[in-house]
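Before any comments, here is the structure.
Since every read-out is calculated from the coordinates, none of them should be taken as a lab result. The structure displayed is predicted, hence computed values, not measured ones. Here the Cβ positions follow ideal geometry from the backbone for every residue, glycine too, while neighbour counts run over all protein chains shown.
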Ligand SMILES: [Zn+2]
């Protein structure tokens, strides 16, 4: 598995530390609180994003995981 195990999902993604709480939302993968909305937001936390990049390559896009 990964060399850097993610913390429990009760721990918010570190990206939330540098964004407004109004931009935080649940990760699309593990439901961890992450910087999801607004500028720089991503639908996945950094750990899900890392595994997604391993599966899909560095040019990962979110066209297939976009939620309304
Ligand atoms: Zn996640």
Notebook entry, point to check: In what sequence do 45, 27, 19 fall when counting other Cβ within 10 Å, fewest first?
Noted result: 19, 27, 45
Next item on the list: Please provide three numbers in whole Å: the alpha-carbon extents of segment 4-59 along the principal axes, with the largest listed first.
Entry: 30, 25, 16
Item checked: Neighbour-count ranking [beta-carbon atoms within 10 angstrom, fewest first] of 18, 28 -> 18, 28
Check: In whole percent, what relative contact order does segment 16-56 give with Cα contacts below 8 Å and a gap of six or more residues?
Finding: 28 percent
